[in-house]
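Everything below concerns the one structure shown next.
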Amino acid sequence: MTSDHPPTRALDRRASVPRRRLLAGVAAAGAAAVAGCAGGGSNSISPVSIDDEQACDQCGMIVADHPGTVGQVHFEDAEPEGGRPAQFCSATCTYTYRFDAENAGRTPVATFLTDYSAVDQEVFEEGGDTMFSSHVESDAFAREPALTVVARSEVIGAMGPDLIPFSEEGDVDDFVAEYGGEALPATEVDRATLEAL
């Protein structure tokens with residue numbers, strides 16, 4: 001980032017900073033760091049489009065070939081994905097992989113899921129199941145803290161019962177009214193949530 005102003009070093013500044021403001025700044029920085037560790041992540045990280053031939057890093061299915069929510073997790077390190085974010089065919093695979101990676105000592109810096117408030121999804125029936133179309137383009141994703149997911153609805157994804165994410169509360173309400181389920185902040189998803197699907 002460039003600026004038209006010369007850099008100012010903290011030691012050159014003579015104005016005092018009120019203690020409360022200083023402590024508030026430290027607290028905000030700490031909260032941002034915790035959000036990064038929880039998968040909320042750095043605002044400098046953006047979602048990427050998922051290639052049409054990309055296999056899910058959790059289950060191996062081709063992401064673009066299956067319906068429903070897709071996801072990606074960006075980690076501090078680039079292994080074992082080889083320099084790209086980990087990419088997934090469902091929210092279930094996204095969270096399972098991230099939880100396992102965290103248990104193995106890896107640090108997620110951003111988690112993205114399909115934002116069904118941002119796309120024109122198709123709803124279709126297959127074998128008696130209700131499904132939503134998948135969307136693999138970068139602008140179809142939203143950062144986990146901005147999303148509310150609906151669990152235990154009638155809509156299933158690539159791996160069966162899944163979490164359906166929205167960034168707009170009105171869309172959550174409309175979805176639950178039509179397809180049932182229970183809404184919760186995406187950041188509150190844990191292994192118990194996945195097991196209860």
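Annotation: per residue accessible area for region 108-158 equals 39 Å², rounded to a whole number [probe 1.4 Å, protein chains only]. The modelled label-to-label distance for the pair Ala196/Ile62, using points 7 Å beyond Cα in the direction of Cβ, is 3.6 nm. Whenever you get a sec, compute what percent of the accessible area on region 137-179 sits on carbon and sulfur atoms (1.4 Å probe). Solvent-exposed carbon and sulfur of region 137-179 make up 45 percent of the total. Can you give the FRET efficiency for Asp52 and Glu182, using 1/(1 + (r/R0)^6), R0 = 35 Å, r = Cβ-Cβ distance, to the nearest 0.05? That pair, Asp52 with Glu182, gives E of 0.60.
The Cβ shell under 9 Å around Ile62 holds other residues with a net charge of -3, Lys and Arg each +1, Asp and Glu each -1.
Against the empirical curve 2.2 N^0.38 Å, the C-alpha radius of gyration of region 66-106 lands at a ratio of 1.14.
Kindly state, to the nearest 0.05, the FRET efficiency for Asp139 paired with Asn103, given R0 = 30 Å and r defined as their beta-carbon distance.
Details: r = 32 Å, r/R0 = 1.05.
For Asp139 and Asn103, the calculated efficiency is 0.40.
The values are calculated or read from the model by the stated rules, or taken from the named source; none is laboratory data. Bear in mind that the values here come from a model prediction, so they are computed numbers and not experimental data. Cβ sites come from the backbone with ideal geometry, for glycine too, and all protein chains shown count toward neighbours. Please note that ligands, DNA and RNA were not included when accessible areas were found on the heavy atoms of the full protein model with its side chains. Shrake-Rupley method; radii C 1.70, N 1.55, O 1.52, S 1.80 Å.
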